[in-house]
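Peer 1: The structure is given below, and queries will be raised subsequently.
A short reminder: the numbers here are calculations on the coordinates, not readings from a lab. What you are looking at is a predicted structure, and each value in this text was computed from that prediction instead of being measured. Heads up, the Cβs are rebuilt from the backbone with ideal geometry, glycines too, and the neighbour counts pull from every protein chain shown.
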Amino acid sequence: MSTLKEETRFFNPTDKAKIDVERLPKHIAIIPDGNRRWAKKQQSSFKTGHREGADNLMDIIKAGRELGVKTMTFYLFSTENWNRSKEEVDALMWLLPTYLVEQMQTMIDHGIRLETIGDLSRLPSDVLQVVNETKKATACGNQINFVMALNYGSRDEITRAVRKIAEDAKKGDLTIIDESTISAYLDTNKWPDPDLLIRTSAEFRISNFLLWQISYAEVHIEDVLWPDFTPHHLLQSIISFQGRDRRLGGP
């Protein structure tokens, strides 16, 4: 069995010298797109594509951890994904708990804390049970947050937040509603907004992902399908991020 040091050595000193550790993105959001296209290119099934995509997740999380990133949020199942074929949805609902059971010990060993955003109430009960068990088992992880966006859509998130704000305002629990109030009611209130959004497969769409939170994020589009996205693609994304002048609306 590999040691922790061996498993996380994705980068050599030359690689790490290319980035400024003082300007690392604290929170990276990723749209891991292209599993089905990857499978088609391989003349394989969409199930194989999703499996390959899932297998790639942990390497990218461990690579982020090695570089010092504190939170990585992955858009894994959207509110719109229920509209896919029953066969594909069923396959994804099988893959999610299977993957978490397989990876639970790895997450514990590497200090990876599993978190979720989205309306989990629609997930099958057996899937939800494994998600909650994994969150509980990894709760002491203090190296990096692995945030799964499940049954997530930004418009749905904002709608749920506004509804809760209205309820609390009606009860008299809120007297001021400003940007910080809205942020506090969003699913992502535990973490700072993403500094960097990465989308694979060369698609230039946000796809209803973290619309409020990425208002000032830098966007990096990678022309590679998700199963082929490597730790060194992540490194290059961060180098590109650090090469930009982030004025955030200022002069």
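Peer 1: Go through the range 11-27 residue by residue and turn each phi into a ³J(HN,Hα) via Karplus (6.51, -1.76, 1.60, θ = phi - 60°); whole Hz please, and just put x for glycine and proline.
Peer 2: 10, 8, x, 5, 4, 5, 5, 7, 10, 8, 5, 7, 10, 5, x, 6, 10
Peer 1: Just one of (1) 27, 24, 19; (2) 28, 20, 19; (3) 46, 18, 15 is semi-axes √(5λ) of the Cα gyration tensor in Å calculated from these coordinates, so which is it?
Peer 2: (1)
Peer 1: Can I ask one more? To the nearest 20 debye, what charge dipole does the chain have about its Cα centre, counting +1 at the Cβ of each Lys and Arg and -1 at the Cβ of each Asp and Glu?
Peer 2: Rounded to the nearest 20 debye, it is 100 debye.
Peer 1: Please compute the net charge surrounding GLU222, taking Lys and Arg as +1 and Asp and Glu as -1 over other residues with Cβ under 11 Å from its Cβ.
Peer 2: Residues near GLU222 contribute -3 overall.
Peer 1: Which of VAL69, VAL131 has the fewest other C-beta atoms within 10 Å, and how do the rest follow up to the most?
Peer 2: Exposure proxy ranking, most exposed first: VAL131, VAL69.
Peer 1: Find out how many positive minus negative residues lie around ASN151, taking Lys and Arg as positive, Asp and Glu as negative, among other residues whose Cβ is under 12 Å from that of ASN151.
Peer 2: -3
Peer 1: Okay, moving on. Charges on Cβ only, +1 for Lys and Arg, -1 for Asp and Glu, centred on the Cα centroid of the chain; of LEU235, LEU174, ILE30, which one is farthest towards the dipole's positive end?
Peer 2: The Cα lying farthest towards the positive end belongs to LEU174.
Peer 1: A follow-up question, please. Kindly provide the helix-only [θ] at 222 nm of the chain, computed as the sum of -39,500 (n - 2.57) over DSSP H runs of four or more divided by all residues, to the nearest 500 deg cm²/dmol?
Peer 2: Rounded to the nearest 500, the figure is -14000 deg cm²/dmol.
Peer 1: To make sure I understand, if each residue's beta carbon is the centre and we count other beta carbons within 10 Å, what order do HIS50, HIS232, HIS110 fall in, fewest to most?
Peer 2: Arranged by neighbour count, lowest to highest, HIS50, HIS232, HIS110 become HIS232, HIS110, HIS50.
Peer 1: Can I ask one more? Among MET148, MET58, what is the fewest-to-most ranking by other Cβ atoms within 10 Å?
Peer 2: The fewest-first ordering by Cβ neighbours comes to MET58, MET148.
Peer 1: I'd like the trypsin sites (Lys or Arg not before Pro) in the range 115-216 restricted to DSSP loop residues with at most 14 other Cβ atoms within 10 Å, sorted by number.
Peer 2: Answer by residue number: LYS190, ARG205.
Peer 1: Could you name the lysines in cross-link range of LYS136, using Cα to Cα under 17 Å and dropping any fewer than eight places away on the same chain?
Peer 2: Cross-link targets: LYS190.
Peer 1: Continuing with the same structure: If you take every residue apart from VAL127 with its C-beta less than 14 Å away from the C-beta of VAL127, what net charge results, scoring Lys and Arg +1 and Asp and Glu -1?
Peer 2: -2
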